[in-house]
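The values are calculated or read from the model by the stated rules, or taken from the named source; none is laboratory data. Note that the structure is predicted; figures quoted are calculated from it, not measured. Here the Cβ is made from the backbone with ideal geometry for all residues, glycine too, and neighbour counts use every protein chain on show. Surface areas here come from the heavy atoms of the whole protein model, side chains and all, with no ligands, DNA or RNA. Shrake-Rupley method; radii C 1.70, N 1.55, O 1.52, S 1.80 Å.
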Amino acid sequence: MTSGIHHVTLITRNVQANIDFYAGFLGLRLVKQTGGYEDGEQLHLFYGDAVGSPGSLITFLVWEEGARGRVGHGQVAEIALAVPPESIGDWLTRALSQHIQVEGPKREFGESVLRLKDPDGVIVKLVGHEMSTGHPWKSAPSRLHSVTLFTETQEETAAFVKRFGYSEGQREDSVLRMVSDTDFIDVRNVTGFVQGIPGTGIADHVAFRAKDVDAVQAAEAELSRLNSSVTNYHDRNYFTSLYVREPGGILIELATDGPGFTIDETPEHLGETLFVPPHDQERAQDLKVLMPQFAMPGEERIVMRDLPFVHRFYTPQDPDGSIMLLLHGTGGNEADLMPMAHRINPRATLLGVRGRSHEEGTARWFRRFGATQFDQADIRSEAEAFNAFYEGAIAAYGLKAENITVLGYSNGANFAAAVMALYPQLIRRAILSRPMQVLEDAPQVDLKGTAALTLTGSKDPFSEFAPALNTWLESCGVELTAEKLETGHALSPDDIARAKNWLSL
């Protein structure tokens, strides 16, 4: 029977810091980058040995600036990588020199262990243990040594793990070590500890190895007979897998060894191309713009600054020097308008910004009391913060104000118009889709030299409020182009065409 860990999957909130730690500090190879098979807009990174062998793989779902989770029972709580025992001192020195949080070395099950924390706070152990790999990658750890499971049902969890080729080994304090032919699973009894909460900085699941598809299907049939939790069978292109929850609530995957990561990239160029799942090919270009960009260690990158708003850049292959600053609608995020903006100008550098005012978890730019009643104090407070962000971004990233076009949709367009009123001359060019005037008693200000395009939907229930904004913009000296589209409140291809034409004039 094929046994051992296939991979472990975690969630990160900062793709660049993740790359710098796993590919940079640890030296693992980035062997694949794809859009998520469950969510094509989510970047999925795979690290491993030279060819991404089963047993060497650590994968990450990327939730940029996503909510943090909490470690607790019902989760994979720690991961461990094997390194030569004699290298523990070198790894300790390396961690200290790079200011990485480290504890140890300590002894666990007779082995020397360093406990590190990655940028998301995940505990990554380096264990002095000779574990061979047929495809070593430079001086990186050879493979996964173990994972630690937090459970309130230690015996039941251990019994479930046995079906994947493990047997009971030593006990040390509250930890029962399960042993396979290749690695270990440490089952820790955390009865009375808090329940885990999903989120960034948390492991999503651990996957065990299966020889082939027949083995996965046989496991599915067996688990069904045992009346286990619901099973989910998936073709992940690089492997076929089955998901199930063990008695303690931990998500377990069974994944085939093949076909592997070389089916669409040569071994020499693994991890260099961003792939989109087959079922998402029709929107492949949009997805590649939506997913966060990163630089490999040693490559030139944008050094992100700590500014008042969460933000993200998208840089095209041949930028023309123009910048499109994007303000999403209600419930959106900093990436929402990137595909639209990229279609308007494929050569523009995109700067997406996320609103900070939340209503029941929905991101907005300012609070509202009703569909057309808005918190005036919050508008002014957030506009003040945005002014600081705008000026800070120009200074920090070397942007030229005259090259920036603000693209706002709905709540984002309304916010952009309010900023124009409260901080005249800050925004010099704006495309406002489905806007309305949200400021009560909007001040008369000098906006000469400012150009704006407003796009109103004739079937939009809020379209009756657009003329007041257009009148105010013109009265303040804005060079205004006001167009009405045969559409509702949602964005349409006509928005892209009108915006593209306006920018070309």
Answer yes or no: is there a residue in the stretch 469-476 that is under 24 Å from GLN373 (Cβ atoms), touching a Leu at 6+ places or on another chain (Cβ under 9 Å), part of a loop (DSSP other than H, G, I, E, B) and open to solvent by less than 30 Å² (accessible area, probe 1.4 Å). yes
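Would you pick out the residues in the stretch 472-494 that are under 35 Å from the mean Cα position of the chain (by Cα) and farther than 23 Å from ALA421 by Cβ? Before you say what the answer is, go through the steps one by one.
Filtering the stretch 472-494 for residues under 35 Å from the mean Cα position of the chain (by Cα) gives 485, 487-494.
Matches in the stretch 472-494: LEU485, THR487, GLY488, ALA490, LEU491, SER492, PRO493, ASP494.
More than 25 Å from ILE344 (Cα to Cα) and touching a residue at least 12 places away in the same chain (Cβ under 8 Å): is that true of ALA421 in this structure?
On the way: more than 25 Å from ILE344 (Cα to Cα): yes; touching a residue at least 12 places away in the same chain (Cβ under 8 Å): yes.
Spelling it out, ALA421 is indeed more than 25 Å from ILE344 (Cα to Cα) and touching a residue at least 12 places away in the same chain (Cβ under 8 Å).
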Does LYS448 count as farther than 22 Å from MET324 by Cα, surrounded by fewer than 17 Cβ atoms within 10 Å (Cβ to Cβ) and at pLDDT 95 or above? no
Kindly evaluate VAL147 against the criterion of being in a strand (DSSP E or B), over 17 Å from SER3 (Cβ atoms) and open to solvent by less than 10 Å² (accessible area, probe 1.4 Å). no
Say we look at the stretch 397-433 and pick out the residues that are touching a helix residue (DSSP H, G or I) at 6+ places or on another chain (Cβ under 7 Å), in a loop (DSSP other than H, G, I, E, B) and open to solvent by 10 Å² or more (accessible area, probe 1.4 Å); which of these is farthest from PRO493 (Cα to Cα)? TYR423
Could you check how many residues of the stretch 354-366 are modelled with pLDDT of 95 or more and in a loop (DSSP other than H, G, I, E, B)? 5
Single match in GLU130, GLU78 (criterion: part of a strand (DSSP E or B) and over 30 Å from GLU334 (Cα atoms)): GLU78
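Would you mind finding the one in ARG312, ARG347, ARG301 that is in contact with an Asp or Glu (Cβ under 7 Å, 6 or more places away or on another chain) and in a loop (DSSP other than H, G, I, E, B)?
On inspection, the qualifying residue turns out to be ARG347.
Looking only at the stretch 1-46, filter to residues that are outside any helix (DSSP H, G or I) and of a type in the set (Gly, Ala, Ser); which one of those is farthest from the chain's Cα centre (by Cα)?
Step one: of the stretch 1-46, the residues outside any helix (DSSP H, G or I) are 1-14, 26-46.
From what is left, the residues that are of a type in the set (Gly, Ala, Ser) are 3-4, 27, 35-36, 40.
Numbers: SER3: 31, GLY4: 28, GLY27: 21, GLY35: 10, GLY36: 10, GLY40: 11 Å.
In this case the residue turns out to be SER3.
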Reported set for the stretch 164-203 where residues are over 18 Å from ARG143 (Cα atoms), open to solvent by 40 Å² or more (accessible area, probe 1.4 Å), part of a loop (DSSP other than H, G, I, E, B) and of a type outside the set (A, V, I, L, M, F, W, C) is ASP173, SER174, THR191, GLY192, PRO198
Identify the single condition in (1) of a type outside the set (Ser, Thr, Tyr); (2) open to solvent by 40 Å² or more (accessible area, probe 1.4 Å); (3) closer than 16 Å to LEU26 by Cβ that LYS106 does not satisfy, given that it satisfies every other one. (3)
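More than 25 Å from GLU246 (Cα to Cα), surrounded by fewer than 17 Cβ atoms within 10 Å (Cβ to Cβ) and among the hydrophobic types (A, V, I, L, M, F, W, C): which single residue out of ALA82, ALA95, ALA67 fits that description? Reasoning before the result, please.
Values: ALA82 fails: surrounded by fewer than 17 Cβ atoms within 10 Å (Cβ to Cβ); ALA95 fails: surrounded by fewer than 17 Cβ atoms within 10 Å (Cβ to Cβ).
None of the others qualify; the one that does is ALA67.
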Hey, could you check the stretch 297-344 for residues that are under 18 Å from GLN42 (Cα atoms) and aromatic (Phe, Trp, Tyr) and say which is surrounded by the most Cβ atoms within 10 Å (Cβ to Cβ)? TYR314
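For (1) open to solvent by less than 20 Å² (accessible area, probe 1.4 Å); (2) acidic (Asp, Glu), each residue gets a yes or a no:
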residue	(1), (2)
PHE239	yes, no
GLY249	no, no
ILE252	yes, no
THR262	no, no
GLU265	yes, yes
GLU268	no, yes
THR273	no, no
Considering only residues that are under 16 Å from LEU251 (Cα atoms), free of Cβ contacts under 8 Å to residues at least 60 places away in the same chain and among the small types (Gly, Ala, Ser), which ones fall in the stretch 184-223? ALA219
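Conditions (1) modelled with pLDDT of 95 or more; (2) more than 29 Å from the chain's Cα centre (by Cα), marked per residue:
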position: THR372; (1), (2): no, yes
position: SER381; (1), (2): yes, no
position: PHE389; (1), (2): yes, no
position: ILE394; (1), (2): yes, no
position: ASN411; (1), (2): yes, no
position: TYR423; (1), (2): yes, yes
Inside the stretch 345-356, the number of residues satisfying the requirement of being open to solvent by 10 Å² or more (accessible area, probe 1.4 Å) and either more than 20 Å from the chain's Cα centre (by Cα) or without any contact (Cβ under 8 Å) to a residue 60 or more places away in the chain (or both) is 5
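Does ALA442 satisfy the criteria of being out of contact with any Lys or Arg (no Cβ under 7 Å at 6 or more places or on another chain), under 24 Å from GLU359 (Cβ atoms), open to solvent by 20 Å² or more (accessible area, probe 1.4 Å) and among the hydrophobic types (A, V, I, L, M, F, W, C)?
On the way: out of contact with any Lys or Arg (no Cβ under 7 Å at 6 or more places or on another chain): yes; under 24 Å from GLU359 (Cβ atoms): yes; open to solvent by 20 Å² or more (accessible area, probe 1.4 Å): yes; among the hydrophobic types (A, V, I, L, M, F, W, C): yes.
Against the criterion (out of contact with any Lys or Arg (no Cβ under 7 Å at 6 or more places or on another chain), under 24 Å from GLU359 (Cβ atoms), open to solvent by 20 Å² or more (accessible area, probe 1.4 Å) and among the hydrophobic types (A, V, I, L, M, F, W, C)), ALA442 qualifies.
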Can you run down the residue pairs with Cβ atoms below 9 Å, 6 or more apart or on separate chains, where the first is in the stretch 434-460 and more than 17 Å from TRP502 (Cβ to Cβ) and the partner is among the basic types (Lys, Arg) and crowded, with 21+ Cβ neighbours inside 10 Å? ASP460/ARG434
